[in-house]
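The values are calculated or read from the model by the stated rules, or taken from the named source; none is laboratory data. All values reported here derive from a predicted model rather than from experimental measurement. Every residue, glycine as well, gets a Cβ built from its backbone with ideal geometry; the counts of neighbours run over all protein chains shown.
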Amino acid sequence: MDSTSYETLSVSKDMVGEYIHFLKEGDTCLVMKFEEKIINLKRNASVELKVIEAPPAVRGNTANSATKRVKVETGYTLNVPLFIKIGDVIKINTELGDYSGKVN
């Protein structure tokens, strides 16, 4: 939706691509139009999302890279360090889809 005119814009799923995993309701994005046609969607380099599912860290589970798989509020799943738990807000690199850090 255009924040000034409140006009609803339709953006194709192909244009959004994998970035759809990092969008949640109410997020703002810069949409570029030319002659009333959407030509590009500017993506944020990173996003902050809340962890909604995370298995407990198992003590001594550091044989491999010491990560676990969690799900964030958009439904996207990724590997994070063992100390991340449900309710934590994490920063995700949207280009790679990787964990970048924990938000305080």
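Just to be sure before I move on: is THR62 of a type in the set (Ser, Thr, Tyr) and either at pLDDT 95 or above or within 21 Å of THR94 (Cα to Cα) (or both) in the structure I sent? Answer is no for this residue.
When ASN93, ASN79, ASN44 are screened for being touching a residue at least 12 places away in the same chain (Cβ under 8 Å) and touching a Cys at 6+ places or on another chain (Cβ under 9 Å), only ASN44 passes.
Of the numbered criteria (1) surrounded by 14 or more Cβ atoms within 10 Å (Cβ to Cβ); (2) over 19 Å from the mean Cα position of the chain (by Cα); (3) modelled with pLDDT under 85, the one LEU82 fails is (3). Where the second residue is modelled with pLDDT under 75 and aromatic (Phe, Trp, Tyr) and the first is closer than 11 Å to LYS33 by Cβ and lies in the range 1-13, which pairs have Cβ atoms under 7 Å and are six or more apart or on separate chains? Note: no pairs meet the criteria. When VAL51, VAL58, VAL72 are checked against the criterion of being farther than 30 Å from SER5 by Cβ, touching a His at 6+ places or on another chain (Cβ under 9 Å) and without any contact (Cβ under 8 Å) to a residue 40 or more places away in the chain, VAL72 stands alone in meeting it.
Within the range 2-16, being at pLDDT below 80, loosely packed, with under 10 Cβ neighbours inside 10 Å and charged (D, E, K, R) holds for one residue alone: GLU7.
The strands (runs of 3 or more DSSP E) located wholly in the range 10-104 that include 1 or more residues which are in contact with a Pro (Cβ under 9 Å, 6 or more places away or on another chain) occupy 67-72, 98-103. Determine whether LEU41 is at pLDDT below 90, surrounded by fewer than 10 Cβ atoms within 10 Å (Cβ to Cβ) and in contact with a strand residue (DSSP E or B) (Cβ under 7 Å, 6 or more places away or on another chain). Answer is no for this residue. Scanning the range 17-33 for residues that are surrounded by 14 or more Cβ atoms within 10 Å (Cβ to Cβ) and at pLDDT below 85 yields a total of 1.
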